[in-house]
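Report on the structure given below.
The values are calculated or read from the model by the stated rules, or taken from the named source; none is laboratory data. Note that the structure is predicted; figures quoted are calculated from it, not measured. Positions of Cβ are generated from backbone atoms using ideal geometry, with glycine treated the same way; all protein chains shown enter the neighbour counts.
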Amino acid sequence: MARGMHGTICSRCYMISLFPVLYDIPVPTLNLNESDVLVWHDINGNESSFSSSSVWDTLRKRGELIPWVNMVWFPHAIPRHAFHIWLIFKRKLKTHDKMKVWDAGSATNLNLLCCSLCKKGPDSHDHLFFECSYSLQVWYSIRHLANMQHISERWDDITAWLIPISKSKSGYSVTGRLLVAALAYYIWQERNNRMFTNLERTPGQLKEAVESTVRLKLASMKFKQSQKTLRLLELWKLPKEQDKGG
Ligand SMILES: [Zn+2]
């Protein structure tokens, strides 16, 4: 019981006068034969078992869904390639054009930096992926393997082609995303090898490295059978008799 200015009122009435929302909450029916259990209401209001991952998923800050998310993160993505291509989309690689901003008159003249692949001026994201003469040679030699033979070497053109199909599980969609991510990864690796070591690969050798990495990944995957899939497997010199497809 609670005592107010006008005498005694019951606890229920008192609480409802303080919190009118209580009117709308259904009174739970208690089943004395069952034990209490803890349940977690996820962000969609569904009951699920409690786990730290579901708590994190409910509490974490959510930004706008970016259009290229499925081009970077997908079930068959190679993790180190996915992380690298994410850095490219975020323009976070330390390319020469970015380093110029930090130039504070040190002994190194950043204006003299040259792309280690083509030796023509400082590199940048757009230059390396894949407008550099070295990169585009490799791109031209492998783009047909993902049915992208008509796509130029410009990053914007490549992503404009891949992003709209990046939700698809088809063989060509997955292959295109794997191929571009692998090429970007190996181009960056080659750029750094040439800057910091004496190791050098020709465009042909880099193409081989990209191709064998993607082929190995495709060989571990299973697709649905279709004519398109058979053509894709033929292109990649993978056995047709397996249950692959897309
Ligand atoms: Zn270059």
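Brief remarks follow.
- Exclusive hit being assigned by TED's automatic domain parsing to the domain that holds E208 and touching a helix residue (DSSP H, G or I) at 6+ places or on another chain (Cβ under 8 Å), set L87, L117: L117
- The residues of the stretch 130-153 that are in a helix (DSSP H, G or I) and over 23 Å from R231 (Cβ atoms), listed by number, are F130, E131, S133, Y134, S135, L136, Q137.
- Failed item in (1) surrounded by 12 or more Cβ atoms within 10 Å (Cβ to Cβ); (2) in a loop (DSSP other than H, G, I, E, B), with S54 passing the rest: (2)
- For the stretch 94-107, filtering for residues that are more than 14 Å from the ligand (Cβ to nearest atom), modelled with pLDDT of 80 or more and either surrounded by fewer than 11 Cβ atoms within 10 Å (Cβ to Cβ) or not in a helix (DSSP H, G or I) (or both) leaves 1.
- Subset tally (residues that are in a helix (DSSP H, G or I) and within 13 Å of the ligand (Cβ to nearest atom)) for the stretch 108-126: 2
- Failed item in (1) aromatic (F, W, Y); (2) within 16 Å of the ligand (Cβ to nearest atom); (3) farther than 18 Å from V214 by Cβ, with F129 passing the rest: (3)
- Test: I163 is modelled with pLDDT of 95 or more, under 20 Å from the mean Cα position of the chain (by Cα), outside any loop (DSSP other than H, G, I, E, B) and buried (at least 19 other Cβ atoms within 10 Å of the Cβ): no
- Qualifying residue in the stretch 13-29 (condition: within 11 Å of the chain's Cα centre (by Cα), part of a helix (DSSP H, G or I) and among the aliphatic types (A, V, I, L, M)): no
- Meets criteria (away from the ligand (no atom under 16 Å from the Cβ), in contact with a helix residue (DSSP H, G or I) (Cβ under 7 Å, 6 or more places away or on another chain) and free of Cβ contacts under 8 Å to residues at least 60 places away in the same chain) for Q149: yes
- Number of positions in the stretch 57-79 that are closer than 25 Å to S220 by Cβ and exposed (fewer than 11 other Cβ atoms within 10 Å of the Cβ): 2
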